[in-house]
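Colleague: Got a structure for you, written out below as structure tokens; questions coming shortly.
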Amino acid sequence: MTDKLIIFDTTLRDGEQSPGASMTRDEKLRIARQLERLRVDIIEAGFAASSNGDFECVRSIASHIRESVVCSLARANDRDISRAAEALKPAARARIHTFIATSPLHMEKKLRMTPDQVHEQARLAVRFARNLCADVEFSPEDGYRSEPDFLCRVLETAITEGATTINIPDTVGYAVPELYGQFIRQLRERIPNSDKAVWSVHCHNDLGMAVANSLAGVKLGGARQIECTINGLGERAGNCSLEEVVMAVRTRRDYFGLQVGIDTTQIVPASRMVSQTTGFVVQPNKAVVGANAFAHASGIHQDGVLKARDTYEIMRAEDVGWSANKIVLGKLSGRNAFKQRLQDLGIELESEADINNAFARFKDLADRKSEIFDEDIIALVGDESVTPDAEHYRLLALSQRSEMGERPFAKVAFAMGADEFRAEAYGNGPVDASLKAIESQVKSGAELVLYSVNAITSGSTESQGEVTVRLQHGGRVVNGVGADPDIVVASAKAYLSALNKLHSKVDRVAAQG
Ligand code: KIV
Ligand code: ZN
């Protein structure tokens, strides 16, 4: 058995299924490039058959990524698999990931199929996929709650038909580490051709055990692929978090005895990019990538770390990509320096016009903020990534008045399509007044379900405020993100960004629907 642990990232597919985390094609491509810099082995780029938009995302990532394998999800039917193969055509290395549910509950209630029908469909799907692609992964959805005899039958058939990877999802996050590890080991022991495939784990975090379960699947079960997402992004409580499993395997190589090919110095940049793009903020005490992960507040700890780092540190902050906030650019930096910094950050804007536009915004920001950090640049081009169609609403001007004892008041000017609107409102605070002013004209009827504000770069009130707004309307949930040194302006931008997402209706089939 090999000692290489394959890292399969599904931020752009399972992560994106998280309500409000949907991303544009440009955003996904930017994250895919960062995943490639991180050297993940496989990037699950999307679910090509779910919508034309997703098809284009998979195709665009397949066209640009050269090092990592690019994968598309497909339900176990010919149409989905053909769409996946079509979208993956430009890929240097492609994988089709096909799945069908195998638990009694899912087969009976969701698929309304008998076990024999599911078995046959899995067989035909893997056979069909193998004719289109040499690298085929098969997942029995809700595999962990499936009946073991039946699951063995399905998986043996999938391997006979040519599946090269067998993935065992704990779709609902029900597993506990020891049992999950044993479950995988027993499947591998009972299935006669199990050694012809790589075994993979895919754990959801509903009981907070996704990382522990995945590691048990590797250590006890003998799996050699982990499916995970940056920051543990994913539906409900999320998926297994990439940064945690990778650092666990690396830091405890003495125990796991496995190699991962990840460039760990790219972990924090990847985490920031995903959180800034999706608006899913990373909690400060999150392992590895949380703002406090390497901060030693207690005097005893600080003293220990100063005398000898390893008294309280098991990993080095710089090994996972934490660097002291570096001033990268300022007011006097020119277009070339700005373009170079974009390149260093792996950000490729499509045209010279896009670069000029971003540079103009950079100059505007540098006029108001003396030191510009990498995070500021990422936020700035985040604004650039919205397609003209998505930019239906744009902030033009905002002024507000707030004084102790007075009722706050805001005046906002914004574009809605080709028209300009002006609105004013009172509110409980300046943010409330600004959003009320916008809503008084837009009349979206959306419910505000989350509002959060963070400093983009920690440790200073000079930082830009980054605001996330989550809106819910007609069964859809969207996140909008806005950044500005003025948090009221950032809030209005975030609100308009969320409205843009509501405006651009995307119909897609849910992967587990
Ligand atoms: O959780 C799950 O079951 C999945 C499958 C589609 C692999 O994401
Ligand atoms: Zn999943």
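Colleague: Select from segment 164-186 the residues that are touching a Ser or Thr at 6+ places or on another chain (Cβ under 6 Å) and surrounded by fewer than 18 Cβ atoms within 10 Å (Cβ to Cβ) and list them in ascending order.
Modeller: Going residue by residue through segment 164-186, those that are touching a Ser or Thr at 6+ places or on another chain (Cβ under 6 Å) are 165, 167, 169.
Across segment 164-186, there are no qualifying residues.
Colleague: Filter segment 324-344 down to the residues that are in contact (Cβ under 8 Å) with a residue 40 or more places away in the chain and assigned to a loop (DSSP other than H, G, I, E, B), then identify the one that is farthest from Ile262 (Cα to Cα).
Modeller: Gly330
Colleague: Let me ask something else. Give the residues of segment 414-448 that are surrounded by fewer than 13 Cβ atoms within 10 Å (Cβ to Cβ) and not in a strand (DSSP E or B), sorted by residue number. Write out each step before concluding.
Modeller: Of segment 414-448, the ones surrounded by fewer than 13 Cβ atoms within 10 Å (Cβ to Cβ) are 417-420, 422, 428, 443, 445, 447.
Across segment 414-448, the qualifying residues are Gly417, Ala418, Asn428, Lys443, Gly445.
Colleague: With farther than 21 Å from Met107 by Cα, in contact with a Lys or Arg (Cβ under 6 Å, 6 or more places away or on another chain) and either more than 16 Å from ligand 1 (Cβ to nearest atom) or open to solvent by 50 Å² or more (accessible area, probe 1.4 Å) (or both) as the only criterion, which of Glu161, Glu189 stands out? Give the steps one after another, and end with the answer.
Modeller: Values: Glu189 fails: in contact with a Lys or Arg (Cβ under 6 Å, 6 or more places away or on another chain).
Of Glu161, Glu189, the one residue that is farther than 21 Å from Met107 by Cα, in contact with a Lys or Arg (Cβ under 6 Å, 6 or more places away or on another chain) and either more than 16 Å from ligand 1 (Cβ to nearest atom) or open to solvent by 50 Å² or more (accessible area, probe 1.4 Å) (or both) is Glu161.
Colleague: Somewhere in segment 19-27, is a residue under 23 Å from Cys133 (Cβ atoms) and modelled with pLDDT under 95?
Modeller: Just the residues of segment 19-27 that are under 23 Å from Cys133 (Cβ atoms), to begin with: 25.
Checking which are modelled with pLDDT under 95 leaves us with 25.
Yes, segment 19-27 contains a residue that is under 23 Å from Cys133 (Cβ atoms) and modelled with pLDDT under 95.
Colleague: Here's another thing I want to ask about it. Quick check on my filter: what residues within segment 1-21 are away from ligand 2 (no atom under 16 Å from the Cβ) and farther than 20 Å from Ser200 by Cβ?
Modeller: Gly20
Colleague: Restricting to segment 88-108, name every residue that is touching a residue at least 24 places away in the same chain (Cβ under 8 Å), more than 16 Å from ligand 1 (Cβ to nearest atom) and not in a loop (DSSP other than H, G, I, E, B).
Modeller: Within segment 88-108, the first condition is being touching a residue at least 24 places away in the same chain (Cβ under 8 Å), and the residues that meet it are 88-106.
Those left that are additionally more than 16 Å from ligand 1 (Cβ to nearest atom): 88-94.
Correct list: Ala94 only.
Colleague: Here is a check on your reading of the model: is Ile267 surrounded by 13 or more Cβ atoms within 10 Å (Cβ to Cβ), closer than 26 Å to Ala498 by Cβ and either in contact with a helix residue (DSSP H, G or I) (Cβ under 9 Å, 6 or more places away or on another chain) or in the same structural domain as Asn500 (by TED's automatic domain parsing) (or both)? Break it down into steps so the answer makes sense when it comes.
Modeller: On the way: surrounded by 13 or more Cβ atoms within 10 Å (Cβ to Cβ): yes; closer than 26 Å to Ala498 by Cβ: no; either in contact with a helix residue (DSSP H, G or I) (Cβ under 9 Å, 6 or more places away or on another chain) or in the same structural domain as Asn500 (by TED's automatic domain parsing) (or both): yes.
No.
Colleague: In addition: Arg39 versus (1) within 14 Å of ligand 1 (Cβ to nearest atom); (2) open to solvent by 10 Å² or more (accessible area, probe 1.4 Å); (3) among the charged types (D, E, K, R); (4) under 18 Å from the mean Cα position of the chain (by Cα): which is the lone unmet condition?
Modeller: That leaves (1) as the condition not met.
Colleague: Test Ala122 against the criterion of being open to solvent by less than 70 Å² (accessible area, probe 1.4 Å), outside any helix (DSSP H, G or I), small (Gly, Ala, Ser) and in contact (Cβ under 8 Å) with a residue 12 or more places away in the chain, and give yes or no.
Modeller: Values: open to solvent by less than 70 Å² (accessible area, probe 1.4 Å): yes; outside any helix (DSSP H, G or I): no; small (Gly, Ala, Ser): yes; in contact (Cβ under 8 Å) with a residue 12 or more places away in the chain: yes.
When the stated conditions are applied, Ala122 does not pass them.
Colleague: What helices (runs of 4 or more DSSP H) completely inside segment 173-284 contain at least 3 residues that are modelled with pLDDT under 95? Spell out the reasoning first.
Modeller: Values: elements: 177-190, 210-219, 242-251, 253-256, 267-278.
Those helices (runs of 4 or more DSSP H) span 267-278.
Colleague: With (1) under 24 Å from Cys152 (Cβ atoms); (2) surrounded by fewer than 24 Cβ atoms within 10 Å (Cβ to Cβ) as the list, and Ala237 as the residue in question, which single condition is left unmet?
Modeller: It is condition (1) that Ala237 fails.
Colleague: Would you confirm whether or not segment 234-241 contains a residue that is more than 16 Å from ligand 2 (Cβ to nearest atom) and within 19 Å of Val289 (Cα to Cα)? Reasoning before the result, please.
Modeller: Of all residues in segment 234-241, those more than 16 Å from ligand 2 (Cβ to nearest atom) come to none.
No, segment 234-241 contains no residue that is more than 16 Å from ligand 2 (Cβ to nearest atom) and within 19 Å of Val289 (Cα to Cα).
Colleague: I've got another one for you. Is it the case that Phe183 is within 15 Å of ligand 1 (Cβ to nearest atom) and under 24 Å from the mean Cα position of the chain (by Cα)? Quick ask: steps written out before the conclusion?
Modeller: Details: within 15 Å of ligand 1 (Cβ to nearest atom): yes; under 24 Å from the mean Cα position of the chain (by Cα): no.
Considered against the rule, which asks whether it is within 15 Å of ligand 1 (Cβ to nearest atom) and under 24 Å from the mean Cα position of the chain (by Cα), Phe183 comes out as no.
Colleague: So, one more: From the list Leu12, Leu29, pick out the single residue that is in a loop (DSSP other than H, G, I, E, B), of a type outside the set (Gly, Ala, Ser) and open to solvent by less than 50 Å² (accessible area, probe 1.4 Å). Please lay out each step first, then the result.
Modeller: Numbers: Leu29 fails: in a loop (DSSP other than H, G, I, E, B).
Sole residue among the options that is in a loop (DSSP other than H, G, I, E, B), of a type outside the set (Gly, Ala, Ser) and open to solvent by less than 50 Å² (accessible area, probe 1.4 Å): Leu12.
Colleague: Being buried (at least 16 other Cβ atoms within 10 Å of the Cβ) and part of a helix (DSSP H, G or I) is true for just one of Lys411, Lys493. Which residue is that? Quick ask: steps written out before the conclusion?
Modeller: Details: Lys411 fails: part of a helix (DSSP H, G or I).
So the residue among Lys411, Lys493 that is buried (at least 16 other Cβ atoms within 10 Å of the Cβ) and part of a helix (DSSP H, G or I) is Lys493.
Colleague: Would you mind stating whether Arg153 is open to solvent by 40 Å² or more (accessible area, probe 1.4 Å), more than 23 Å from the chain's Cα centre (by Cα) and within 16 Å of ligand 1 (Cβ to nearest atom)? I'd like the intermediate steps shown before the answer.
Modeller: Numbers: open to solvent by 40 Å² or more (accessible area, probe 1.4 Å): yes; more than 23 Å from the chain's Cα centre (by Cα): yes; within 16 Å of ligand 1 (Cβ to nearest atom): no.
Spelling it out, it is not the case that Arg153 is open to solvent by 40 Å² or more (accessible area, probe 1.4 Å), more than 23 Å from the chain's Cα centre (by Cα) and within 16 Å of ligand 1 (Cβ to nearest atom).
The values are calculated or read from the model by the stated rules, or taken from the named source; none is laboratory data. Everything numeric in this text was worked out from a predicted model, so none of it was measured. As a convention, Cβ positions derive from the backbone with ideal geometry for all residues, glycine included, and neighbour counts pool all protein chains shown. These accessible areas exclude ligands, DNA and RNA; they are computed on the full protein's heavy atoms, side chains included. Shrake-Rupley method; radii C 1.70, N 1.55, O 1.52, S 1.80 Å.
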